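These notes concern the structure reproduced below.
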Amino acid sequence: MTSPKTATVVALFVRIPVPGRVKTRLAKDLGAVGACELYKAIVTDVLENIKCSGLPLFLFCDATNDGNLPQEWIDESDRVIVQNGASIGERMAAAFEYCFNEYIDKVILIGSDIPGIDASVLLAANKNLDSCDITIAPAADGGYCLIAMNRTAFLPLIFKDIPWSTDAVLRNTVETCEKHGINIELLACLQDIDTIEDLYIYQSNYSATACATNRWIKNTVTI
């Protein structure tokens, strides 16, 4: 792994893929193993999309003692870092702080459950940061799946007092940014995959896309 030689980095949050620990809401319909295999397929697509963007990747993984990151995920990364913090907000703030302490100018933080985050989305986020402080890609459930910001605009409190895992996440985040004079731009809304209903919606909108997620769905799930 090498250090990035660019002003922008993608920070990808992943979980170590262990059945029963990933995509737990999907496990009731797909089984723990099936949900885990779907998760790995989604991460495969996300990694491929990051690679196509040409942007370097910092992989932020959750710290556990019950499994290891797949070697191919590590190989696709410029650096692997263990997430730090108790809540998702604390972990995201810590990831931005880590990257900005490395003198990276722009950080694009994304989750690992939305295969629709393709290279065009990442590059659009990078471009938006030339004219705004923060750019966000909303998720269909009221949260967001991408948040990118400039080093000069970093404000940890935008991750505090947010009702995570609710449909108010995006609204509260935007309100906090506006309250503190942070210039924010929104990207197009994307479909996250947390439930079987999300999977149906994703398949209906992206079924023509040739990717590991759709191959898994086609071979495994009757829709």
Inset, instruction - Report, in order of residue number, the helices in the chain meeting two criteria: a C-alpha extent of 30 Å or more along the helix axis, and a mean Kyte-Doolittle hydropathy of at least 0.0; treat each whole DSSP H run as one helix. - result: 24-53
Inset, instruction - Could you size up the charge dipole of the chain around its Cα centre, putting +1 on the beta carbon of Lys and Arg and -1 on that of Asp and Glu, and report it in debye to the nearest 20? - result: 200
Legend entry - Nearest-20 debye value, the range 3-60 charge dipole, Cβ charges on Lys, Arg, Asp, Glu: 180
Legend entry - Amide H within-cut-off set for VAL80, under 5 Å, with H built and near neighbours excluded: LEU59
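How high is the FRET efficiency between ASN172 and ILE81 when r is their beta carbon distance and R₀ equals 30 Å, given to the nearest 0.05? Write down the numbers at each step before the final one.
Values: r = 27 Å, r/R0 = 0.89.
After rounding to 0.05, the efficiency reads 0.65.
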Inset, instruction - Using Cα centres only, tell me the gap between the range 164-182 and the range 98-138 in whole Å. - result: 17
Legend entry - Under the Debye formula (equal points on every Cα, no solvent term), log10 I(q)/I(0) of the range 8-218 at q = 0.11, 0.12, 0.17 Å⁻¹: -0.49, -0.59, -1.26
Inset, instruction - Find the lysine pairs in the chain meeting two conditions, Cα atoms under 23 Å apart and a separation of 8 or more places or different chains, and report how many there are. - result: 15
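Report, to one decimal in Å, the Kirkwood hydrodynamic radius for the range 112-223 based on all distinct Cα pairs.
Its Kirkwood hydrodynamic radius stands at 15.3 Å.
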Legend entry - Computed FRET value (nearest 0.05) for GLU72 with ASP29, which takes r as the C-beta separation and R₀ as 30 Å: 0.65
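Quick note: the coordinates plus some simple rules give every number you see, no bench work behind them. Model, not experiment: these values are computed from the prediction. Here Cβ is always computed from backbone atoms with ideal geometry, including for glycine, and neighbour counts include all displayed protein chains.
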